[in-house]
Each structure stands twice: as structure tokens, then as C-alpha cells.
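Structure first, then comments.
The values are calculated or read from the model by the stated rules, or taken from the named source; none is laboratory data. The structure presented is a predicted model; accordingly, all values stated were derived computationally and were not measured. Neighbour counts run over all protein chains shown; Cβ positions are idealised from the backbone, glycine included.
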Amino acid sequence: MKIKITVPIIFIFLSASVFAKDFTNKHKKYIGHIHHESEYQHVWCSLHNGIEEYKNKDFTRVDCLTKTHAVEFDFANKWAESVGQALYYGLMTGKRAKVVLILENPQKQIIYYYRVKKLSQKYDFDVDFVTDEILEK
């Protein structure tokens, strides 16, 4: 005995221009950045004589590997993700884990730095932050 189940499929079509307009207007503050993460990473890593995009044995990549640290860069709103990545890269490289948060609006985003700072004290890793001023060096 065969049972045939039919499921109605509903398609909703949105005008691409309306979607793009609404998406960017409502979410710009969450998705737009002044500079690319890699720009901050490149300058900081150069200043600290590090290796950019160091490839681990498992093909994961450390944003910057210095003599002493495996450094993960992320924008402030991705603070929680950056902690896990830094700790993992520290484990993979045998170096001390470090998070460098990118604060493009320091007055509003410093709260994320303090969250990571609390975690760094509990779980023994380092944390720092950069602003777009580093790109002027």
C-alpha cells in the first residue's frame, strides 16, 4: 500500500530592490564596517612581527601568529566567537591565545572588550583592542 503525501509549496517573491533597500536600511549598523578585518589584522601583525594567516595542521588559520601568541581578530559584535577561536588556535600552536577586538565605534563598543576581558581573567588568555587609528600609522 502506497501513501502519497502532497505538501503545498508557497513561494513568496520579493522585489530585489525592495529587499536590498530594507535590508541595508534596517541592518546597516550591524553589517557595515568602515574597513575590512584584514586591514586591521595586517597593520597590527606587521607592528608585532607576526605571520598573517598562519595555517595549522588541521587547515584552520590563525589571523596572526607572533613569537608568543596565536591572535584572533574580530569585530566587536563577534566578541564571543573570537574567544573560542583564539583558545583553539592557542591550543593548536602551543602559543598563548590572544583576542584583538576591532572597535570602530569605541564609545559604544567598549562593552564588548570588557566582556572578553572578564573571560580572559577567568580562562587565562590575553585581550586587546584596536580602533581605526591603527590604520593611520
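Do we have any residue at all in the stretch 70-83 that's assigned to a loop (DSSP other than H, G, I, E, B) and either of a type outside the set (D, E, K, R) or modelled with pLDDT of 95 or more (or both)?
Looking for residues that are assigned to a loop (DSSP other than H, G, I, E, B) and either of a type outside the set (D, E, K, R) or modelled with pLDDT of 95 or more (or both), one finds none in the stretch 70-83, hence no.
Here's a check for you: in the stretch 11-62, which residue that is among the acidic types (Asp, Glu) and in contact with a strand residue (DSSP E or B) (Cβ under 7 Å, 6 or more places away or on another chain) is modelled with the lowest pLDDT?
Step by step, filter the stretch 11-62, then rank; the result is 37.
Condition (residue is under 13 Å from the mean Cα position of the chain (by Cα) and in contact (Cβ under 8 Å) with a residue 12 or more places away in the chain) applied to the stretch 44-59: is it met by at least one residue?
no
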